[in-house]
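Engineer: Okay, here's the structure, questions in a sec.
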Amino acid sequence: MSSKQDWIASAGRALRGTLDIPGDKSVSHRAVMFAALADGTSTIDGFLEGEDTRATAAIFSRLGVQMETPSPSRRVVHGVGVDGLKAADGTLDCGNAGTGMRLLAGLLAAQRFDSVLIGDESLSKRPMRRVTGPLSTMGARIDTEEGGLPPLRIHGGQALSGIDYTLEVASAQVKSAVLLAGLYAEGETVVREPHPTRDYTERMLKAFGVDIAFSPGFARLRGGQRLKATDIAVPADFSSAAFFLVAASIIPGSELRLRAVGLNPRRTGLLQALRLMGADITEENASEHGGEPVADLVVRHAPLRGIEVPEALVPDMIDEFPALFVAAAAADGPTVVRGAAELRVKESDRLASMANGLRALGLRVDETPDGATIFPGPLQGGAVDSHGDHRIAMAFSIAGQLAAGEVRIGDVANVATSFPNYDGLATGAGFALRKG
Ligand code: S3P
């Protein structure tokens, strides 16, 4: 686990330049997992060298998969086949990663051997019944702590059967866990989603040669299939780019180009929300990167106005609310968020973390169980707690650029889980941000 560390953010200059954002976290987790399960050798380019995705890679090494790192952000994975994983001795540490733990729960529930998944302080408080529930229906045996919390003690050697499952919460992690278990189950597994979520598992299983049918809100596969090695190009992470989209939008005089950012429509809700607010963001050099749409995003400062965030956008911007709150803080007129109760069970309670932090900088924020209204105003200096949540820390580093005094952001080491060298990139672009 990372040690405590603070940042001090203060008024910086206009942001300028061209930035290369690191690889997508969701895609990097899945690329390592599926390459490990494939027959043959796969190369992953653009792999996110973050703590979360490295934790997943380390787990597969412990499960007997050989992996090389010929250069940073590249992995060569020697797949062992769907039946080739071996029991690890000792617990498997997912670090801060909900994606790692929930997807692995589905995969490991189907193995012949037992496994124990553990996580850091934040992950140890996150709900796991949403995965253990449907997996048990399939025949899996997983013990949790009281309240459905990690560690997950997974009893292998169970025969699984396919299910037709309708998600109770919009969650790509739950969908993916069920589909991965479904790969090993007798018969067909179907997942239905009232609100479509990111479809990387479906797209990537297809790229690995799995016969899977999917459309927004629906996925179906048959058990007993094998994966064929393939090379994966990971696009730049939209969720990391999001902080610079907001920062350049609200800092006068800014203009940034973010190169080749992944624009999967299930991820880009913030782009739509920012455009509704009046942001000036254009897409250039559109192309495809490993089957995913990518484009350069060019963002220029523009006056923003408060909006009611359309509820239909919430699943497509679920990781972007910390950044959205900062955009709202700098807008003209209040911004209303509803239908986002899931934010309370992310790496921290993101509604509370953002509301409390903005209040500490002098704003009024009214919280509801599933959202908040943010009333913009001049930001003062002050101290905010990121609660060890990477996205809260990065969001307040932006708020600090507009604050009248210094903003001390507590407990920021977990930024390394998703965005190594964020502070280097941000200061290079014009942020005033230092370790404190
Ligand atoms: C993710 C799905 C989302 C998202 C997380 C990554 C994934 O979580 O918040 O950062 O890679 O599938 P939920 O499935 O809990 O919504």
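Engineer: Give the percent of DSSP beta bridges with both residues in the chain that are antiparallel, rounded to the nearest 5.
Structural biologist: Approximately 75 percent, going by the DSSP bridge assignments.
Engineer: Continuing with this model, one more query. What fraction of the DSSP beta bridges in region 25-233 is antiparallel, stated in percent and rounded to the nearest 5?
Structural biologist: 75
Engineer: So what's the net charge close to Ala14: Lys and Arg +1, Asp and Glu -1, counting the other residues with Cβ under 13 Å from its Cβ?
Structural biologist: Net local charge, Ala14 excluded: +2.
Engineer: Report, ordered by chain and residue number, the lysines lying within cross-link reach of Lys4, taken as a straight Cα distance under 28 Å and ignoring same-chain residues fewer than 8 apart.
Structural biologist: Lys25, Lys125, Lys346, Lys435
Engineer: If we sort 283-296, 334-347, 36-49 on the protection proxy, mean other Cβ atoms within 10 Å, highest first, what's the order?
Structural biologist: 36-49, 334-347, 283-296
Engineer: Got the relative contact order for the chain handy, in percent, Cα pairs under 8 Å and 6 or more residues apart?
Structural biologist: After rounding, I find 19 percent.
Engineer: Can you give the Rg and Dmax of the chain based on its C-alpha atoms, in angstrom?
Structural biologist: Rg, Dmax (Cα atoms, Å): 21.0, 62.
Engineer: Pick out which of Ala329, Ala55, Ala360 has the largest mean-square fluctuation in a Gaussian network model of the chain, springs linking Cα atoms closer than 10 Å.
Structural biologist: Judging by the Gaussian network model, the answer is Ala360.
Engineer: Right, next: How much net charge surrounds Arg130 when only other residues with a Cβ under 11 Å from its Cβ are counted (Lys, Arg +1; Asp, Glu -1)?
Structural biologist: Here the count lands on +2.
Engineer: Which shape class applies to region 268-311: rounded if a/c is under 1.5, otherwise prolate when a/b exceeds b/c and oblate if not, where a ≥ b ≥ c are the square roots of the Cα gyration tensor eigenvalues?
Structural biologist: oblate
Engineer: So, in nm, how far is label Asn285 from label Ser71 when the simple model puts each one 7 Å beyond its Cα toward the Cβ?
Structural biologist: 1.7
Engineer: Further question on the same structure: What is region 25-233's relative contact order, in percent, from Cα pairs under 8 angstrom and six or more apart in sequence?
Structural biologist: So the answer I get is 21 percent.
Engineer: So how do 362-368, 398-404 stack up, highest first, on mean other-Cβ count within 10 Å?
Structural biologist: 398-404, 362-368
Engineer: Moving on. Give me the net charge for the shell around Ala159: Cβ to Cβ below 13 angstrom, other residues only, Lys and Arg +1, Asp and Glu -1.
Structural biologist: That works out to +1.
Engineer: What value, in deg cm²/dmol to 500, does the helix sum -39500 (n - 2.57) over DSSP H runs of n ≥ 4 give at 222 nm once divided by the residues of the chain?
Structural biologist: Estimated from H runs of four or more residues: -8500 deg cm²/dmol.
Engineer: Could you tell me whether region 25-233 comes out rounded, prolate or oblate from its Cα gyration tensor? Rule is a ≥ b ≥ c as square roots of the eigenvalues, rounded for a/c under 1.5, then prolate if a/b exceeds b/c, otherwise oblate.
Structural biologist: rounded
Engineer: Among the aspartates and glutamates, which have Cα under 13 Å from the Cα of Lys86 when same-chain residues fewer than 8 positions away are ignored?
Structural biologist: Asp114
Engineer: Compute the acute angle (0 to 90°) between the alpha-carbon long axis of helix 98-108 and the principal axis of greatest extent of the alpha-carbon atoms of the chain; round to the nearest 10°.
Structural biologist: 10
Engineer: Report the trypsin sites (Lys or Arg not before Pro) located in region 70-108 that are in a DSSP loop and have at most 16 other Cβ atoms inside 10 Å of their Cβ, or state none.
Structural biologist: Qualifying residues, ordered by number: Lys86.
All of the numbers you see were taken from the coordinates with simple rules; none came from a lab. Just so it is clear, the structure is predicted and the values come from calculations on it, not from any experiment. For neighbour counting, all protein chains shown are included, and Cβ atoms are generated from backbone atoms with ideal geometry for every residue, glycine included.
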